[in-house]
Amino acid sequence: MQNTRTSSPIPGNPCGEKWASRLLSECAEAIAEKNTNKIHHLLWMLNELASPYGDIDQKLASHFLQALFCKATEYGEQCYKSLISVAEKKHSFESTRKMILKFQEMSPWTTFGHVASNGAILEALEGENKLHIIDISNTFCTQWPTLLEALATRNDETPQLKLTVVVTESMERSVMKEISHRMKKFARLMGVPFELNVVSRLAHLCQLTKEELSVEEDEAVAINCIGALRRVNVDERGAVIRMLHGLSPRVVTVVEEEADFTSTRDDFVKCFEECLRFYNLYFEMLDESFVSTSNERLMLERECSRSIVSILACNIESSCEESELRERSSQWCNRLKECFSAVGFSDDVVDDAKSLLKRYRAGWSLVFSQGDNPALFLMWKEEPVVWASAWKP
């Protein structure tokens, strides 16, 4: 459907600056109104202007065009499965690892959550000698070398650390085997007694049980949820949170992206506008963080394209939905407060997060929200994009 031209919008076209958002929104409205002639006209126009290798407007047009076409033709589930299949065949563990590490080098989008969570976990488990961290995240364990280093330099006796990594079927067993090997090697280097267990073969996170996690009575437990809770079906999120509470953790850290793709599910245009707002920010961030020819940037953008298709073009009952339905911090806090109390972050953790941002280009800042829902927000050009929080039973 899409071409690959890198030129600017065609001469004399009336779209002007920021043309992609306007045309895409018009097309979404036409789909909601079932205006077939207008849909065809706008899809054709977007296809003429879009390019996955162009400027931000061309990229937005390219990736959202695919989702709008799938929505209009009811081809979302098939397209999503095809995109996932292509990605799995094309991406090796090494290319994925390189993408993640490059992203962390160029942007604090993920490292912010690592720093905030590690700080809260270390403070909650201070003085304990038998630690058990349950990692339910999408970080490929890139979060933990820094924590291992911090444990190795503690003034008192170096504690034992058991790390239980929870993965779903989408992460290949061979990948976790390679990650496990690297983590154990680094722990030996740091002199930290270390055990890593993997809980896999889960189709969905809601299938996770207390028994599978092998929590022992004398362990101080921390639960780390980074980009994980949005993988749970909306109707099952409360049950998962109650299951986590049943593990009696010292702390639960939650990091999610600040967007709402749930409350607008029944209004396609509103859901589309929220999706466009969020990914417009994300694409702007990538544009200012990476060079235009970066392979890692293209991989990240293709990942976005799959997410956009699942949000906008898949039925809510579809399995592809579970990995994309983000909620805002206020929504998550309301859910979490049914079982936990928010504890916020100490001044030391906030200072560490501020120091992290100094490594990156201008445009990033932090906002620490206190009150009933204390949380730390990562801001991109004064817009909240990621938030972190810490909770105790």
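Read-outs throughout are calculated quantities, based only on the coordinates presented, and are distinct from any laboratory measurement. Keep in mind that what you see is a predicted model, and the values were worked out from it rather than measured. Glycine also receives a Cβ, built like all others from the backbone with ideal geometry; neighbour counts cover every protein chain displayed.
Can you give the Rg/Rh ratio of segment 42-131, where Rg is from the C-alpha atoms and Rh is the Kirkwood radius?
On the way: Rg = 20.2 Å, Rh = 17.0 Å.
Rounded to two decimals, Rg/Rh equals 1.19.
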How far, in nm, would the chain grow between Glu123 and Glu149 when pulled straight, counting 0.36 nm per residue and subtracting the alpha carbon separation?
7.9 nm
Roughly how large, in nm² to one decimal, is the mean projection of the convex hull of the alpha-carbon atoms in segment 205-262?
4.2 nm²
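Given 25 °C and 0.890 mPa s, how large is the Stokes-Einstein diffusion coefficient of the chain in µm²/s, with Rh as the Kirkwood radius over Cα pairs? Before the final figure, lay out the partial values.
Values: Rh = 22.1 Å.
D, rounded to a whole number, is 111 µm²/s.
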Against the longest principal axis of the chain, how steep is helix 268-289, in degrees 0 to 90 to the nearest 10, with axes from Cα atoms?
70 degrees
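What ratio of Cα Rg to 2.2 N^0.38 Å holds for segment 53-208?
Numbers: Rg = 19.3 Å, N = 156, 2.2 N^0.38 = 15.0 Å.
So the Cα radius of gyration is 1.29 times the expected 2.2 N^0.38 Å.
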Sorted by Cβ density within 10 Å, fewest first, the residues Lys184, Lys162:
Lys184, Lys162
Debye intensity ratio I(q)/I(0), log10, segment 305-393, q values 0.18, 0.20, 0.21 Å⁻¹ (C-alpha model):
-0.92, -1.00, -1.02
Spin-label model distance (nm) - Asn47 vs Glu94, 7 Å beyond Cα toward Cβ
3.9 nm
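Relative contact order for the chain: what is it in percent, counting Cα pairs under 8 Å that are at least 6 residues apart?
20 percent
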